[in-house]
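Okay, structure first, notes after.
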Amino acid sequence: MRIAYYPGCSLKALAANFDRSARAAMGALGVELVELERWNCCGTVSSLTTDDLMRQLAPVRNLIRAQEAGERRLVTACAMCYNTLKRAALRVEAHPEELAKINAFLDEEPDYRGGVRVLHLLELLRDEVGFEAVAKRVVRPLEGLRVAPYYGCLLLRPRGVGLDDPENPSILEELVRALGAEPVDSPLKGQCCGSYHTVAHKEVVARRAHKILSEAASRGAEALISSCPLCSFNLDNRQRLIRELDGSFAPLPVLYFTELMALAFGLEEALSPEGHYVDPRPFLEERQLLRR
Amino acid sequence: MDKMGKIDLSAKELQEEVEALSGQRVFACYHCGKCTAGCPFASEMDLTPRQVLEYIMEGRVEVLNSRTIWLCAACFTCTVRCPNGIDIARVMEALRQILLRRGEDSLDLASLGEEELPQIALVAGARKLIG
Amino acid sequence: MKRDGEPRIGVYICHCGTNIAGVVDVKAVAEFAKGLPGVALAKDMMYACSEATQREIINDIQQERLDRVVVAACSPKMHEPTFRAALERAGLNKYLFEMANIREQDSWVHKDGGQATEKAKDLVRMAVARARLLIPYKESEIPVGERALVVGGGIAGIQAALDLADSGYKVFLVEKEPFIGGHMAQLDKTFPTLDCSTCILAPKMAEVGRHPNITLLTNAEVEAVSGFVGNFKVKVRQRARFVTPECTACGECVPVCPVAVPDEFNMGLGLRKAIYKSLPQAVPAEYAIDIENCLNKPNLLVCEKCLQACSPKAINFEQPPEKELDLEVDTVIIAIGADPYDPSKSQDYGYGKYENVITTIDFERLISPTGPTLGKILRPSDLGKPKRIAFIQCVGSRISNPELEGNPYCSGICCMVSIKQALLIKEKLPEAEITIYYIDIRAKGKGFEEMYRRARLAGIRFIKGLPAEVLENSDKSLTLVGENILLGELYEHRHDLVILSVGLEARKESEKVQKLFGLARSSDGFFAEKHPKLEPVDTATTGIFLAGAAESPKDIRESSIQAKAAASRAARLMKEGKIRIEALSAEVREELCAGCGICESVCPFNAIHVDGTSHVTEAACQGCGVCAASCPVGAIEMHHFTDAQVLAQVEAALADRPKEKIIVFTCNWCSYAGADMAGTSRLEYDPRVRLIRLMCSGRLNPQFALRAFELGAAGVLITGCHPGECHYQSGNLRALSRYELLKRLLRSLGLQEERLALEWVSAAEGERFAQVVNAFAGRLERLGVLTKAKGEEPALTTAEAGRREG
Ligand SMILES: Cc1cc2nc3c(=O)[nH]c(=O)nc-3n(C[C@H](O)[C@H](O)[C@H](O)COP(=O)(O)OP(=O)(O)OC[C@H]3O[C@@H](n4cnc5c(N)ncnc54)[C@H](O)[C@@H]3O)c2cc1C
Ligand code: SF4
Ligand code: SF4
Ligand code: SF4
Ligand code: SF4
């Protein structure tokens, strides 16, 4: 299967390991992620005022790119891009009059005609590839590995945009199980990591991350998986600050879900130390899930 | 929190502008407290999200001075739970926008350190905190 | 009726003190009326409803040989019955009376005396035009016997059945479960007096079991209903019990039964056998076999352990699994109760996921001496004694966000349920810390506030502010995080047991029962009463009444009150032995009927059937007129709302300057009353509207609207009840589809479809009525089809009008 892929800015820089592992893991499942040509930043964080049509230009432009390429679907790995693109797509679908205005404004572009579906990799795995096929592809079952799924906000909320039940999601758990590992349920798995406050309120984010990580660890998690470069940054890199605030805090590796897949698929090369503050490899080696 | 309004708005103007920008009926709030209860930042805030609603209903313009509106990260936890269907994240955004559109930014980009941050963090921060 | 030439109509215009005359030039209207065809005399009167005027009208009818009467005064909702009675006193058929509403729908809503007077003239012209075509009807009488059906054997059904049976009527009580008692049988003690539920219920149940006038049918459900008051034919399907009345309730069979399944009566908290009883005091006293779970499967597997153990030989596996009974009854009481809200539908509080999160109804069983723990309060996860117990209020109630599970209304009982349960815990576990998290405490009822105060004084902690979710800790305790609203501070509390105070919602079976009996439900899913204030136990269908939580969430006392009221309403019909049916029914002109069957398919009350030609069962017909409007050949005539009568009103309304007029069709129950409400609230709206009342918006024959456009009306507005609130169940939805059809027709005729509109207005929405009318008038002006009223006289002040009148 070939599918149009929107990597987004972060996956081209700080979260290159997310991009790399996503391509490798999906490739192993026979899904080729074809990068959209000339994509631009999705705009991040949906604007929320009633008069924010201008803010929809960036995401709609990407939908136009997909349309140009003759694609009906556009898949993302980054939860933030997913949320922003999907909200825009749903909105113009529901409000043709707004779409007309956007089209008129983007006069250098061909008109967007609607109909491009924005998908997250996880949805593709659940609804098309199927977790059974994922399980079949596993060469190194992650037996005994206790992994806490972390959803954060943007995979789940608001309702209608999220890809699972916002109060009781299960898609990451199913993936973890398919890979042979054991999901650890934490009540904070859908709570916000602090998001962009990492820019100006580092301590706020550190306190959030501390709570989320400790809760998972107290329930026996050995690692946490995420689907968003910003969540990963906050939960992983901010551990430095957490250690300053709480000397007893034990580091917890944070992986992208695609890295966990790559590991179970035996694609070790996709799992590199870059992109991680807490290097997951020593721990995985110790658990004999990674060759030394 | 400063009692003096940063900007000159009457109670009615505040209410109307919030409702217009957010598209939400803030007066439907009956104070169940669920928004605060689920808000991951509530402990960092000077006003709880529910109090923000009450301040608007009472036309208290000093709500614009509160730390809360900048601490809200639009995580939508409150939004998906409000029994009265108030999208509180949008109400918070409206309050931020009332300030941002009058040039009251909350982030000084120059003050940021050297740290390498994810691109989406920078763009998102700029979008939410700078007019 | 034979008519010798022109009718002789008497027209009376009322001043209503200055209520009407302060704005409308009453004398001018009376003068105008004199010139209308068929009018024999026209007068203005100070108070038309006074006894003196009534006598004058009676006198006129007799002296002046009047054969029709029109009164232009207040709303017919107010005084139509008064004037109809006067006609009858004068020996004139009451259907020969017509009213023009020049108060609620004219003088109270328009300030401009000139325009109001013009409108009053039109309204009188319309009333006279209609009066000319009025036909006298005889109201038929149908016999009503002495047999009642009660559906549902909860406390409401029990109370109603006993009252009727004690008054000498035969009662069939149909209960779907094998035992009666409903939710009350599950309760431990009851608020506000804390008396033991079984202690007060068991004697009532026993009385039902032995009452000679009550036939108790358990394990039974109604499958089909036809007929009407005095003649309901009801098919009941009864599942076998496999235990005969020989059973002495010794219970020998129970220990030998090898099956154990979750006990639904105990909310799944305990187990029961396949042969079982809900309570020791259960009625009927015989055990029942749950055949689904019983191992004995004839010809496949033989268990029969119970059969061997039973000394009185009361077990009979030969019973046919089901039987059908055909009942004939005269009146029906619906008492199917309500379901407690199931919080596993919304995942936020972890019900069904966390063992120590239970509901108040689960807790009733937990604390009951007949429950799974024999009344010990134990924490489900480890059967330990809970020390810190929390109640969360409003679970599933007061949720108006359509994206969330739950109901918008306050269930009314759950505050008191938690307060009661908290006090009961205090009695049994005095050291327990109990917290009730609430939004508002609703303790309206006799003795309720006192009980609330007692709970506060007993040290129960009330925290205003609900948690958003329940977090489970590794020791299975639960953490609640929220805002203590009165302090404006956050709390984070651990509890051993969290009890969700669930509301009540309409039974899952409600839809089926609604369809079977042809009833209506309000938007909250509960059965709709005929009038929320004045007819709170009647339904729109004569002879069917409501009792208990089936009609809205209620406590036991209110359920009893309504049950007793329903019983006396039913008894009133049965005692009389006959009932007069308003003559508003449909009548088929068989010579025109093509036998197409459309009318049968649209009638919401199964009142019409077609075999070759169409026949109406007059007693079942409620007079909505949906059939008449649907009949493609116009073979159905609606008594008192004939096509000719309605068309005459349309024509009269548009006789003069039609381009300045908007025709508004209203239904009798919602939108006409809504327009009256606008009047009562003195809300001004555009004076260019002319209202025509139909019984139901579904009566609207597309011809009525087309005729209006043909005569040059600027626009036509159709109004009716909100979807789900139609007095005739679904007539308004017929109006909606006809509206779509009419729009297409207008387009094909080259008319702007925007000249037609459809709006829902409830009886309470006076403000909405005014808004809807103004918005529509605005739209027509923008379209350029509605012209300004000409000849606007300078507006009269009330004082001036008073002077003119004097
Ligand atoms: C947790 C809890 C605690 C409560 N505590 C109190 C209290 O302390 N004091 C108080 O005053 N009130 C209390 N109530 C309220 C009380 O339970 C109700 O007022 C009462 O049960 C209503 O009686 P009902 O007969 O209308 O309905 P129900 O009790 O619901 O009975 C209806 C009956 O109809 C039967 N039925 C349903 N559908 C059909 C069908 N299609 N055909 C035939 N039969 C059918 C059902 O099986 C049931 O037997 C409490 C309620 C709850 C949930
Ligand atoms: S959740 Fe909604 S109703 Fe409840 S306090 Fe917050 S805004 Fe008000
Ligand atoms: S959207 Fe804002 S106010 Fe609402 S829960 Fe999230 S951070 Fe709190
Ligand atoms: S009775 Fe109390 S708990 Fe129940 S819905 Fe009403 S306010 Fe909420
Ligand atoms: S008027 Fe209404 S109730 Fe009567 S037969 Fe026609 S559709 Fe049925």
- prompt: Can you list residues whose amide H is under 5 Å from C:Ile579's amide H, if they're 5+ apart or on another chain and H is modeled 1.01 Å from N?
  reply: C:Ile142, C:Val144
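If the limit is 22 Å between Cα atoms, which of C:Lys119/C:Lys533; C:Lys323/C:Lys554; C:Lys444/C:Lys533; C:Lys659/C:Lys743; C:Lys420/C:Lys512; C:Lys387/C:Lys428 go over it?
Values: C:Lys119/C:Lys533 32 Å; C:Lys323/C:Lys554 34 Å; C:Lys444/C:Lys533 18 Å; C:Lys659/C:Lys743 19 Å; C:Lys420/C:Lys512 34 Å; C:Lys387/C:Lys428 12 Å.
With Cα atoms farther than 22 Å apart: C:Lys119/C:Lys533; C:Lys323/C:Lys554; C:Lys420/C:Lys512.
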message: Lysine pairs in the stretch C:1-100 with Cα distance under 23 Å, only those 8 or more apart or on different chains: how many are there?
response: 7
field: Interface residues in the stretch A:28-64 - accessible area drops by 30 Å² or more relative to the isolated chain, probe 1.4 Å
entry: A:Gly43, A:Thr44, A:Val45, A:Leu48, A:Thr49, A:Thr50, A:Asp51, A:Arg55
statement: Mean other chain Cβ within 10 Å across A:181-193 is 3
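Please tell me the relative contact order of chain B in percent, rounded to the nearest whole number, where contacts are Cα pairs under 8 Å and at least six residues apart. List each step's numbers first, then the result.
Values: 161 pairs, mean separation 37.0, N = 131.
Here the relative contact order equals 28 percent.
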Debye equation applied to the C-alpha atoms of the protein assembly as shown, log10 I(q)/I(0) at 0.07 Å⁻¹: -0.92
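Quick one, what does Rg over Rh come out to for the stretch A:139-286 if you take C-alpha atoms and the Kirkwood Rh?
On the way: Rg = 14.6 Å, Rh = 15.4 Å.
Looking at the stretch A:139-286, the ratio lands at 0.95.
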- request: Go ahead and collect, in residue order, the members of the stretch B:81-102 whose backbone nitrogen is under 11 Å from a label point 7 Å along the Cα-Cβ direction of C:Glu403.
  value: B:81-83, B:85-90
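Relative contact order, percent, of the stretch A:1-118 when contacts are C-alpha pairs under 8 Å separated by at least 6 residues?
Values: 160 pairs, mean separation 34.6, N = 118.
Reported as a whole number, the value is 29 percent.
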message: As a test of the formula, what do you get for the protein assembly as shown when each DSSP H run with n ≥ 4 contributes -39,500 (n - 2.57) and the sum is divided by the residue count, at 222 nm and rounded to the nearest 500 deg cm²/dmol?
response: -10000 deg cm²/dmol
statement: Applied in sequence order to the stretch C:13-24, the curve 6.51 cos²θ - 1.76 cosθ + 1.60 (Karplus, θ = phi - 60°) yields integer Hz couplings, x standing for Gly and Pro, of 10, 9, 7, 6, x, 9, 4, 9, 5, x, 10, 8
message: Apply the a/c threshold of 1.5 to the C-alpha gyration tensor of the stretch C:262-336 and tell me whether it is rounded, prolate or oblate.
response: oblate
field: Order by protection proxy (mean Cβ within 10 Å, highest first), peptides A:13-21, A:27-35
entry: A:13-21, A:27-35
- prompt: Accessible area of C:Arg456, 1.4 Å probe, to the nearest 10 Å²?
  reply: 110
task: Put one equal scatterer on each alpha carbon of the stretch A:206-292, apply the Debye formula with no solvent term, and list log10 I(q)/I(0) at q = 0.16, 0.22, 0.25 1/Å to two decimals.
output: -0.61, -1.10, -1.33
query: Could you give P(r) for chain A, binned at 5 Å from zero, as whole percent values over all Cα-Cα pairs?
result: 1, 6, 12, 17, 18, 16, 13, 8, 5, 2, 1, 0
field: Compactness index (Cα Rg / 2.2 N^0.38 Å), the stretch A:98-221
entry: 1.37
message: Taking each residue in C:482-490, count the Cβ atoms of any other chain within 10 Å of its Cβ, then average. What number comes out?
response: 6
field: Average beta carbon contacts from partner chains per residue of C:392-401, 10 Å cutoff
entry: 3
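Over chain C, what is the relative contact order in percent, taking alpha-carbon pairs closer than 8 angstrom and at least six residues apart?
For chain C, the relative contact order is 13 percent.
Whenever you get a sec, line up C:Val610, A:Val134 from highest to lowest accessible area (probe 1.4 Å, protein heavy atoms).
On the way: C:Val610 35, A:Val134 0 Å².
Most to least solvent-accessible, the answer reads C:Val610, A:Val134.
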- prompt: What accessible surface, in Å², does a 1.4 Å probe find on C:Tyr47, ignoring ligands, DNA and RNA and rounding to the nearest 10?
  reply: 110
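Considering every pair of different Cα atoms, what Kirkwood radius, in Å, is found for the stretch A:2-121? Intermediate values should be presented prior to the final figure.
Values: mean 1/r = 0.0689 Å⁻¹.
After inverting the mean inverse Cα-Cα distance, the result is 14.5 Å.
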Reachable lysines, given that their alpha-carbon falls under 19 Å from the alpha-carbon of B:Lys128 and they are not under 8 places away in the same chain: A:Lys202, B:Lys6
- line: For C:Met46 the rounded accessible area (nearest 10 Å², probe 1.4 Å, non-protein molecules ignored) is 90
- request: Using a 1.4 angstrom probe on the protein heavy atoms only, line up B:Thr36, C:Thr542 by accessible area, largest first.
  value: C:Thr542, B:Thr36
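Using the structure shown, list the pairs from C:Lys353/C:Lys385; C:Lys138/C:Lys530; C:Lys345/C:Lys515; A:Lys101/B:Lys12; C:Lys189/C:Lys273; C:Lys345/C:Lys446 with a Cα-Cα distance above 29 Å, or answer none. Each step should come with its number before you reach the end.
Values: C:Lys353/C:Lys385 20 Å; C:Lys138/C:Lys530 24 Å; C:Lys345/C:Lys515 26 Å; A:Lys101/B:Lys12 31 Å; C:Lys189/C:Lys273 26 Å; C:Lys345/C:Lys446 33 Å.
Correct reply: A:Lys101/B:Lys12; C:Lys345/C:Lys446.
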task: May I ask you to order C:416-422, C:506-512, C:358-364 by the average number of other C-beta atoms within 10 Å around their residues, highest value first?
output: C:416-422, C:358-364, C:506-512
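Dividing the alpha-carbon radius of gyration of chain C by 2.2 N^0.38 Å (N being the number of residues), what value is obtained? Kindly include the intermediate steps, with their values, before the conclusion.
Working: Rg = 31.6 Å, N = 806, 2.2 N^0.38 = 28.0 Å.
In units of the globular-protein estimate, chain C measures up at 1.13.
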- prompt: Using alpha-carbon positions, what is the distance between the centroids of the stretch A:6-66 and the stretch C:714-778, in Å?
  reply: 47
- line: Sorted list, accessible surface of protein heavy atoms, 1.4 Å probe, largest first, for C:Arg454, C:Arg125 is C:Arg454, C:Arg125
- prompt: How do the peptides C:752-761, A:111-120 rank, highest first, by the average count of neighbouring beta carbon atoms within 10 Å per residue?
  reply: C:752-761, A:111-120
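The values are calculated or read from the model by the stated rules, or taken from the named source; none is laboratory data. Computed from a predicted model, the values in this text were never measured in an experiment. A quick note on method: Cβ atoms are made from the backbone with ideal geometry, for glycine too, and the neighbour counts reach across all protein chains shown. Please note that ligands, DNA and RNA were not included when accessible areas were found on the heavy atoms of the full protein model with its side chains. Shrake-Rupley method; radii C 1.70, N 1.55, O 1.52, S 1.80 Å.
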